[in-house]
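Trainee: This is the structure, below, for whatever I ask next.
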Amino acid sequence: MREPYHFQVNLGGMLDVLSNHLYKSPDVFLRELLQNGVDAITMRRKEQPVWNVVPFSLPERLHLADDQDLASWNGGEITLALEEGRQLEFTDNGAGLTEEGIHQFLAVIGQSSKTELVNGVIPEDYIGRFGIGLLSCFMVSDSITVHTCSVYGGPAHVWRGYPDGTYTLEPLEESVPVGTTVTLQAKQGAEDYFTYERVEELVRYYGLALPVPVYFKGERDRLNQIPEDVTQLSRGQLLSFGERLFEEEFLEAIPVRTAHLEGVAYILPYETASTVKNGQRIYLKQMLLTERGDRLLPSWAFFLRCFLNTKGLRPTASREDFYEDDALEEARGEFAEAVSRHLARLAAEDPERLQRIVQVHFQALKSMAVWDDELFGLFIDYLPFETSEGRMSGAVLKESAGADYAASLEKFRQLKPIFMAQGRLLVNAGYTHDRELLEKLRNQCGLPLYPLSEEGLGTALEEPAPGDRSLAAALERAANRGLAQFDCRAEVRRFLPADLPALYSMSDEVRFLRDVKKAQDMSSGVFSDALSSLLSGIAQKPVAVLYLNLNCPLVRRLGAKQDPELLVSVARILYIQSMLAGGYPLHGQEMQIMSGELLKLIDREEK
């Protein structure tokens, strides 16, 4: 037995980095083995094309051991032999390693065996590039045994590595085929990774798109079989493939073939939240890189499930995402263009199918149309908007005589009955992207769509008639007594519908102060004191407005009462009622007002 050699790195610290910081899960060990096996086969294919079984002249640096290896060379495959719960043998018939290569590439952490020694650059057709993948096997095994025989000739060797930072290397007397076998013994707690079910699951998860077949030893059913070029499949075939891959049906399949990307984007049959980033299958050189689309996909792509492969993008060291660089930015743009082109074809060739997609995913399509004028032109007629007359499409809005739009959902709910009663159109711009789209409709299509400001609210509210001004003044005085504590003033107006007694209007400044007051009520100590100081430092606090409707019989009868206390109580009740009708949150003190004032009214009746 030779003296043990030492890794040229603190392996204990390196394994901590791998298990706790670099890799998300121990199951990446199989991904790294697949990666190394495919790269070894890629290297051998360069030296020994499968059609060149017995070459007439070999490159000078290629000295194959015997003709038997040449005759058995089938272009490359990976074979897995398993003793469930105990041992895994991972074999590839790739290029193998010489003794010099073993010392250089298995012992020097960070040195990739795929590096071209001429210029130090790793060719694009190799998957690995950091030279640390094999160490991930220590996450599931306390030893790594490598039997390897190089395609360049020389004796075969057996290398054994240990997590204490040592390894041994010995020549093998017996003849072994060209290639490499990695043997792992399951360590305690990792036995689940050494079962047929788990290994098959991981091979298909990480290596489904690999251009090298993977088999269990003694079987010829390939574990990673997919169509060679999915972008050439028909729509029905693509949808069928997507259903098998993601285990769900889709509305549409969008082929993607660009300078950086190749694959399919599937449109989900249900609405999804924009925060959903996972569920993708994104591959780098046919090896699964990530299920998340944060880096590669545009922010609006949350309604898609993607099966994509890329060759030219740069992975992070963990091989679980991409580096942010110019190439990644170009790939994002290419993807967006491919999706928009497909949807444009649907608009021209199959508008009914596009309409079904819009009905499910209008929020995502709105986010696309905001930043892309071409997509805006394609989709605006299909996109829905909430209005005082129900849901309307962009096409219907184009035919309208004009409309106002409310910047918040609360304002829209508040003013909707008024606009309905007056036969005017109000659009809700409180949802994400709606305001920007309405502005684009105004600017690009010339539609009279305008934001409803506080001043603009007056166009829906009429001043009292001359004969009602004394009544209005009395109502305002009494109501203002009751509303002073709420930073709200009363104003008497006439508006429709007549059965709506009051309308509450809150400016952005008032909304901010209410939020500060609510935070103060819920906090204590230094933070509460700071908020109190902020509130007291405002010289002139803005106030909200409660509009009392003089068209309403209730308000007119209230004004006829010569009872200031009654007017104060009813004004407070109308204030709370209007807040609730507008969807505004109430403070703790305000929640007690309604029941308190109603009790006062009951006590008055009993007297």
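The values are calculated or read from the model by the stated rules, or taken from the named source; none is laboratory data. Note that the coordinates shown come from a computational prediction; the quantities given were computed from them, not determined experimentally. Backbone-built Cβ (ideal geometry, glycine too); neighbour counts: all protein chains shown. Note: accessible area is taken over every heavy atom of the protein model, side chains too, but ligands, DNA and RNA are not part of it. Shrake-Rupley method; radii C 1.70, N 1.55, O 1.52, S 1.80 Å.
Trainee: Could you say whether any residue in the range 271-284 is open to solvent by less than 10 Å² (accessible area, probe 1.4 Å), under 20 Å from VAL38 (Cβ atoms) and in contact (Cβ under 8 Å) with a residue 60 or more places away in the chain?
Mentor: At the first step, the residues of the range 271-284 found to be open to solvent by less than 10 Å² (accessible area, probe 1.4 Å) are 280, 282-284.
In the following step, the residues that additionally are under 20 Å from VAL38 (Cβ atoms) were identified as 282-284.
Still in the running and in contact (Cβ under 8 Å) with a residue 60 or more places away in the chain: 283-284.
Yes, that holds for at least one residue.
Trainee: Give just the number: which of (1) within 15 Å of the chain's Cα centre (by Cα); (2) open to solvent by 40 Å² or more (accessible area, probe 1.4 Å); (3) not β-branched (Val, Ile, Thr) does GLU329 not satisfy?
Mentor: The one condition GLU329 does not meet is (1).
Trainee: Picking from GLU565, GLU590, GLU597, which residue would you name as being under 16 Å from GLY482 (Cβ atoms), part of a helix (DSSP H, G or I), open to solvent by less than 90 Å² (accessible area, probe 1.4 Å) and without any contact (Cβ under 8 Å) to a residue 60 or more places away in the chain?
Mentor: Numbers: GLU565 fails: open to solvent by less than 90 Å² (accessible area, probe 1.4 Å); GLU590 fails: without any contact (Cβ under 8 Å) to a residue 60 or more places away in the chain.
Every option except GLU597 fails the conditions.
Trainee: While we're here: Looking at VAL427, VAL360, VAL370, which is the one that is crowded, with 17+ Cβ neighbours inside 10 Å, more than 30 Å from GLU337 (Cβ to Cβ) and not small (Gly, Ala, Ser)?
Mentor: Sole residue among the options that is crowded, with 17+ Cβ neighbours inside 10 Å, more than 30 Å from GLU337 (Cβ to Cβ) and not small (Gly, Ala, Ser): VAL427.
Trainee: Can you tell me which of LEU513, LEU500 is at pLDDT 80 or above and either hydrophobic (A, V, I, L, M, F, W, C) or open to solvent by 40 Å² or more (accessible area, probe 1.4 Å) (or both)?
Mentor: LEU500
Residues checked against (1) of a type outside the set (A, V, I, L, M); (2) open to solvent by less than 50 Å² (accessible area, probe 1.4 Å); (3) at pLDDT 90 or above:
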{"residue": "LYS217", "(1), (2), (3)": "yes, no, yes"}
{"residue": "GLU228", "(1), (2), (3)": "yes, no, no"}
{"residue": "GLU248", "(1), (2), (3)": "yes, yes, yes"}
{"residue": "VAL264", "(1), (2), (3)": "no, yes, yes"}
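Trainee: Something else: Test each condition in (1) within 24 Å of ASN309 (Cα to Cα); (2) out of contact with any strand residue (DSSP E or B) (no Cβ under 7 Å at 6 or more places or on another chain); (3) assigned to a helix (DSSP H, G or I) for GLU248 and report the one that comes out false.
Mentor: (3)
Trainee: Among (1) over 17 Å from SER388 (Cβ atoms); (2) more than 35 Å from the chain's Cα centre (by Cα), where does ILE418 come up short?
Mentor: ILE418 satisfies every listed condition except (1).
Trainee: Among LEU457, LEU438, which is open to solvent by less than 40 Å² (accessible area, probe 1.4 Å) and at pLDDT below 85?
Mentor: Answer to the check: LEU457.
Trainee: Suppose we keep only residues that are among the aliphatic types (A, V, I, L, M) and open to solvent by less than 70 Å² (accessible area, probe 1.4 Å) within the range 547-559. Which one would you say is farthest from SER505 (Cα to Cα)? Lay out the reasoning, then the answer.
Mentor: So in the range 547-559, the residues among the aliphatic types (A, V, I, L, M) come out as 548, 550, 554-555, 558.
After this cut, where a residue has to be open to solvent by less than 70 Å² (accessible area, probe 1.4 Å) as well, the list is 548, 550, 555, 558.
Numbers: LEU548: 11, LEU550: 17, VAL555: 18, LEU558: 21 Å.
Per the criteria, the residue is LEU558.
Trainee: Yes or no: GLN355 within 17 Å of GLY430 (Cβ to Cβ) and touching a residue at least 24 places away in the same chain (Cβ under 8 Å)?
Mentor: So GLN355 fails the test.
Trainee: Hey, among the residues in the range 164-174 that are touching a helix residue (DSSP H, G or I) at 6+ places or on another chain (Cβ under 9 Å) and surrounded by fewer than 18 Cβ atoms within 10 Å (Cβ to Cβ), which one's nearest to GLY37 (Cα to Cα)?
Mentor: Out of the qualifying residues, it is PRO171.
Yes/no matrix, rows are residues, columns are (1) modelled with pLDDT of 90 or more; (2) in contact with a helix residue (DSSP H, G or I) (Cβ under 9 Å, 6 or more places away or on another chain):
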| position | (1), (2) |
| --- | --- |
| GLU320 | no, yes |
| TYR323 | no, no |
| LEU378 | no, yes |
| ASP404 | yes, yes |
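Trainee: For GLU329, all conditions in the list (1) among the charged types (D, E, K, R); (2) within 22 Å of LEU202 (Cβ to Cβ); (3) modelled with pLDDT of 90 or more hold save one; what is the number of the exception?
Mentor: Condition not satisfied by GLU329: (2).
Trainee: Among the residues of the range 569-582, is there at least one that is polar (S, T, N, Q) and open to solvent by less than 70 Å² (accessible area, probe 1.4 Å)? First the steps, then the outcome.
Mentor: Step one: filter the range 569-582 for residues polar (S, T, N, Q), giving 569, 577-578.
Adding the requirement that they be open to solvent by less than 70 Å² (accessible area, probe 1.4 Å) leaves 569, 578.
Looking through the range 569-582, at least one residue is polar (S, T, N, Q) and open to solvent by less than 70 Å² (accessible area, probe 1.4 Å).
Trainee: Here are some conditions: (1) modelled with pLDDT under 80; (2) of a type in the set (Lys, Arg); (3) over 39 Å from the mean Cα position of the chain (by Cα). LYS518 meets all but one. Which one does it not meet?
Mentor: Tallying (1) modelled with pLDDT under 80; (2) of a type in the set (Lys, Arg); (3) over 39 Å from the mean Cα position of the chain (by Cα), LYS518 fails exactly one: (3).
Trainee: Same structure again: Scan the range 378-423 for residues that are on the phi > 0 side of the Ramachandran plot and free of Cβ contacts under 8 Å to residues at least 24 places away in the same chain and report the count.
Mentor: 2
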